[in-house]
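Shown next, in structure tokens, is the structure this report addresses.
Throughout, read-outs are computed from the coordinates displayed, never taken from laboratory work. Note that the coordinates shown come from a computational prediction; the quantities given were computed from them, not determined experimentally. Cβ atoms come from the backbone with ideal geometry, glycine included; neighbour counts cover every protein chain shown.
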Amino acid sequence: MHKILIATTNPGKMRELSELLDAHVEWVSLKDFPALPEVVEDGETFAENAAKKALGYAKVTGLWTIADDSGLCIDALGGAPGINSARFCGPKDPAENRQLIDTRNMEKVLRLLKDIPSEKRTARFVCAICLASPHKVLAETQATWEGVISTAPLGTGGFGYDPIMYIPELKNSVGQIIAPLKNQLSHRAKAIKLLKPHLSALLNA
């Protein structure tokens with residue numbers, strides 16, 4: 001049986017990817033390799049960062065590796081925070097509470113957009129996913145989820161920018177919708193679904 005590394009320490013992301021990909025493989029995460037050095041994400045796009053992570057971890061473990069990079073792109077801010085979404089208020093401190101970082105990042109976005117009218121607050125979540133062997137990229141996908149930035153956080157679900165990302169069709173923010181629905185509609189879910197046929201073909205080759 002193939003063993004595939006999902007390059008995350010987040011158990012929720014690990015479960016989501018493995019369930020959506022639904023492949024007959026042994027899944028492992030970065031928690032199974034605690035001594036691995038972290039791959040630096042210094043690419044200029046989500047796709048570059050996903051590929052860098054996937055190739056980097058594949059080379060040191062010898063395993064096929066799936067990595068993703070995602071974030072929020074706001075049109076009125078020229079695409080920011082973009083690839084710096086997690087670090088919009090400065091470098092991440094691993095010891096700092098994730099919720100506090102998320103709150104500060106959201107507050108910065110709302111401050112920057114305070115004079116921007118609703119019709120110009122368009123934004124999208126972007127997710128790029130890469131599957132790599134130790135020697136090369138095997139498959140890459142990317143997907144988006146369109147919305148608008150609300151004037152205040154709505155709901156307490158999800159993480160990151162979810163409470164300020166309002167989806168007009170759903171009449172709710174991403175922070176207000178239930179997890180199963182989010183996992184059907186999200187940028188990450190779409191990118192994973194696009195990866196699934198590539199992974200199946202590679203496993204059956």
Q: Calculate the dipole size of region 108-195 relative to its Cα centre from +1 charges on Lys and Arg beta carbons and -1 charges on Asp and Glu beta carbons; express the result in debye to the nearest 20.
A: 120
Q) Dipole of the chain (Lys/Arg Cβ +1, Asp/Glu Cβ -1, origin at the Cα centre): which of Phe159, Leu30, Gly79 lies farthest to the positive side? A) Phe159
Q. What is the antiparallel percent of DSSP beta bridges lying wholly in the chain, to the nearest 5?
A. 80
Q | Test item: Cα-centred dipole of region 1-94, Lys/Arg +1 and Asp/Glu -1 on Cβ, debye | A | 260
(Q) Quick check on the exposure proxy: order Ser18, Ser85 from fewest to most C-beta atoms within 10 angstrom. (A) Ser18, Ser85
Q.
Only Cα pairs within less than 10 Å get springs; with that Gaussian network setup on the chain, which residue of Glu19, Glu140, Glu48 has the largest fluctuation?
A. Glu19
Q: Take peptides 166-176, 188-198 and line them up by average Cβ neighbours within 10 Å, highest first, as a rough protection proxy.
A: 188-198, 166-176
Q: Please arrange His2, His24 by counting, for each residue, the other beta carbons lying within 10 Å of its beta carbon, fewest first.
A: His24, His2
**Q.** Dipole magnitude of region 22-162 about its Cα centre (Cβ charges: Lys, Arg +1; Asp, Glu -1), debye to nearest 20
**A.** 280
(Q) Checking the a/c ratio against 1.5 first, then a/b against b/c, what shape does the Cα gyration tensor give for region 37-148? (A) oblate
Q: May I ask you to sort Ser118, Ser29 by Cβ crowding, counting other Cβ atoms within 10 Å and putting the fewest first?
A: Ser118, Ser29
